[in-house]
1. Mind checking which residues of region 387-402 are surrounded by fewer than 20 Cβ atoms within 10 Å (Cβ to Cβ) and assigned to a helix (DSSP H, G or I)?
2. Can we say residue 241 is in contact with a Cys (Cβ under 8 Å, 6 or more places away or on another chain), of a type in the set (Ser, Thr, Tyr), closer than 19 Å to residue 403 by Cβ and assigned by TED's automatic domain parsing to the domain that holds residue 182?
3. Residues in region 172-186: is at least one at positive phi and surrounded by fewer than 23 Cβ atoms within 10 Å (Cβ to Cβ)?
4. Go through the residues of region 54-70 one by one and say whether even a single one is of a type in the set (A, V, I, L, M), under 21 Å from residue 337 (Cβ atoms) and at pLDDT 95 or above.
5. Do we find that residue 288 is in the same structural domain as residue 136 (by TED's automatic domain parsing) and either farther than 25 Å from residue 384 by Cβ or not charged (D, E, K, R) (or both) in this structure?
6. Got a number for residues in region 311-327 being over 19 Å from residue 253 (Cα atoms) and at pLDDT 95 or above?
7. Checking the structure you have, find out if any residue of region 93-108 is surrounded by fewer than 21 Cβ atoms within 10 Å (Cβ to Cβ) and aromatic (Phe, Trp, Tyr).
8. Report whether or not residue 308 is touching a strand residue (DSSP E or B) at 6+ places or on another chain (Cβ under 8 Å) and more than 30 Å from residue 89 (Cβ to Cβ).
Amino acid sequence: MKRRVFVFIAAFGLIAALAGCSTSDDTGSPASDPADETTEGSDVATTDDDGAAAADDAGSGCTEEIGKLEMWVDDSRLAALAGVVETFKQEQCVTVNLVRKNFDDLRADFGSQVAAGEGPDITIGANDWLGEFKANGVIAPIDISAVASGLAPAAVAAYTSEGQTYGVPYAMENIGLVRNNALLADTKATTFDELIEEAKATGAKYSVLVQVGDKGDAYHMYPIQSSFGAGMFELSPDGDYTSTLAMAGDPGHAFAEYIAKLGADGVLSVDINDSVAKDQFKAGNAPYVITGPWNTSGDDSFAQAGMDISVLPIPPAGSEPATPFLGVQGFYLSAKSENTLLAQMFLVDYLTRSDVQLELFKVGGRTPASLDAQADPVITGDPIAAGFAEAAADAVVQPSIPAMNQVWTPLGQEEADLISGKASDPAGTWDEMITNIESAIAKSAE
């Protein structure tokens, strides 16, 4: 059962059925000290990896500054936000200091610092952080009613909980099957097994690269898992995720046995982590890799390497569609911000603008949440963006409920153990994992 939010993606001339049931970036990285040293220097804050920001008021059109905001952002999106920050300063006389942070540290740092009454007014972040942030009281609701009709419904739904919106979405992302056209010009396979055989016929070192690593990767494995009918959580009558697992029993057993077989056959390997998968594909050692727009566009990407690639839907291994997670990227407002009115203005009136979201698309390749931006020629003329949109036809919104935090690590490790052969009884160890996750979810809810 899936609640689908139908969104017309004008950019691609197709309708994506998006369920409102990630590399999650839930790494649990220890929080770093976000203390910032601010130096007067420029309108737009430029920052170093320690989060030290420098601001310069030279050239400002404002005669009197009325306020300041601090916003955490990762390095890849820092430059793309510089223009809107400058415009906001010129038009509203409000300075926004952009503080560069490692994306893997953002979640933990923001949660711990805001809980202590510190941290930024705004942070960039993924929608699946919402449940944890809301439960811990570190984010505030944001009224986006004035602009919601101009945003993809699925993107808005991803930041909505119990009738309130807790984030401003700017982009949607999902993984797909990326093909090296120099090795294989056409794909006829309709199942994952056929895809493997088709890839092996090229004589390449690898057939289909899927990042696993020694701790597993439940996000990248989910399309295969879901094709066996083993969803993540059951849904309530109104289509919201519940904390009841949906991957127990025969569907989960079938998935476990399948990936154990692929591990034994050498198709999947714990030696293939994210960087190895990327490097081996760039080296021309595989016709296929399962990945997202973060590897197809931008710095150190397949596009930058000059590769001729296509993006396709992932074929199913089981009898149901292979449904990737639809992740949404956006911006959160700190519950401890002392500048909520200015932050709300910046978030709603500026960060939802189509030109801003197009600039962010250029650096990350993620489909904008803005419907106007989706219809822009920059998007409609991009075959890679269109490919990811097609791959998202059956995508389900990535769960943001707190219970998801109890799933990523044990599910990923179970997958790694099955693939490596460490777990020799697929059905038995899968059932043991289900029991452990259910116990952890129950304990966390106490």
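The values are calculated or read from the model by the stated rules, or taken from the named source; none is laboratory data. Computed from a predicted model, the values in this text were never measured in an experiment. Heads up, the Cβs are rebuilt from the backbone with ideal geometry, glycines too, and the neighbour counts pull from every protein chain shown.
1. First pass over region 387-402, keeping only residues surrounded by fewer than 20 Cβ atoms within 10 Å (Cβ to Cβ): 390, 393, 402.
Once the filter is applied, which keeps residues that are surrounded by fewer than 20 Cβ atoms within 10 Å (Cβ to Cβ) and assigned to a helix (DSSP H, G or I), region 387-402 yields 390, 402.
2. Working: in contact with a Cys (Cβ under 8 Å, 6 or more places away or on another chain): yes; of a type in the set (Ser, Thr, Tyr): yes; closer than 19 Å to residue 403 by Cβ: yes; assigned by TED's automatic domain parsing to the domain that holds residue 182: yes.
Yes, satisfied.
3. Going through region 172-186, the residues at positive phi turn out to be none.
No: zero hits.
4. Going residue by residue through region 54-70, those that are of a type in the set (A, V, I, L, M) are 54-55, 58, 66, 69.
Imposing the further condition that a residue be under 21 Å from residue 337 (Cβ atoms) reduces the set to 55, 66, 69.
Still in the running and at pLDDT 95 or above: 69.
Yes - at least one qualifying residue is present in region 54-70.
5. Values: in the same structural domain as residue 136 (by TED's automatic domain parsing): no; either farther than 25 Å from residue 384 by Cβ or not charged (D, E, K, R) (or both): yes.
Taking the combined requirement at face value, the residue does not satisfy it.
6. Number satisfying all stated conditions: 7.
7. Yes, that holds for at least one residue.
8. Numbers: touching a strand residue (DSSP E or B) at 6+ places or on another chain (Cβ under 8 Å): yes; more than 30 Å from residue 89 (Cβ to Cβ): yes.
So residue 308 fits the description; yes.
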